[in-house]
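Chemist: Submitted below is the structure of interest, expressed as structure tokens.
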Ligand SMILES: [Zn+2]
């Protein structure tokens, strides 16, 4: 009897060590996703959901070029990819209006048209099975001390999404809360599903411009948006 006991205990010890190694390497690379399920704690309402993510600008339109080392187009694309990975790990499907530094209207019927880029983004959303639409941007102000984050909505059906995103985004990043605003933006006016446009920080402010260039801060932004999307689908407005 003695030998098998030793054998079993050493197997268990090996398995435990292996498990510990896997858990610690996962948490080392990504603080928020521990264990074998790859899911963030509390993110339980995204299975099967379809989310349209729209990184603003791109493809010759850098968006705001502020006082930091990166452009608005670069920042929001990086945040969108981060968020996409998190959403997919949580069981959601993601549709992006652009996946690289490209103009989304190129190769579509909207190429060369006035508002063509925006029309292409809207069409991507409206032709998809997407349940919500989120456009990601950085802000600009002539007063370089102005900083913070706001979320914009247009239709009454957008308000709950905008408020939920703003609450979780500001909660995660600790950015100045500039609130939720009703804005007559093309993409908000023309998308058919609940839609929000997120203005993440000011590239005219040196502190936020340098933060937004950092992968760690972009990850915090993505985590805030992930929590907001999860809360929206959970009905926690
Ligand atoms: Zn923008």
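The values are calculated or read from the model by the stated rules, or taken from the named source; none is laboratory data. None of the values given here were measured: they were computed from a predicted structure. For neighbour counting, all protein chains shown are included, and Cβ atoms are generated from backbone atoms with ideal geometry for every residue, glycine included.
Chemist: Those residues that are more than 16 Å from the ligand (Cβ to nearest atom) and in a loop (DSSP other than H, G, I, E, B), I need them from the stretch 41-66; list them, please. Spell out how you get there, then give the answer.
Modeler: First pass over the stretch 41-66, keeping only residues more than 16 Å from the ligand (Cβ to nearest atom): 41-52.
Scanning the stretch 41-66 gives 41, 42, 43, 44, 45, 46, 47, 48, 49.
Chemist: Identify, please: which residue in the stretch 124-160 is away from the ligand (no atom under 16 Å from the Cβ), under 26 Å from residue 106 (Cβ atoms) and touching a residue at least 24 places away in the same chain (Cβ under 8 Å) and is, among those, surrounded by the fewest Cβ atoms within 10 Å (Cβ to Cβ)?
Modeler: In this case the residue turns out to be 129.
Chemist: Filter the stretch 178-219 down to residues that are out of contact with any strand residue (DSSP E or B) (no Cβ under 7 Å at 6 or more places or on another chain), free of Cβ contacts under 8 Å to residues at least 40 places away in the same chain and more than 17 Å from residue 72 (Cβ to Cβ), then give me how many there are.
Modeler: Residues that pass the stated criteria total 3.
Chemist: Among residues belonging to the stretch 87-108 that are touching a helix residue (DSSP H, G or I) at 6+ places or on another chain (Cβ under 8 Å) and over 27 Å from residue 149 (Cα atoms), point out the one that is farthest from the ligand (Cβ to nearest atom).
Modeler: 108
Chemist: Look through 52, 76 and report the one residue that is at pLDDT 95 or above, within 22 Å of residue 209 (Cα to Cα) and assigned by TED's automatic domain parsing to the domain that holds residue 219.
Modeler: The conditions single out 76.
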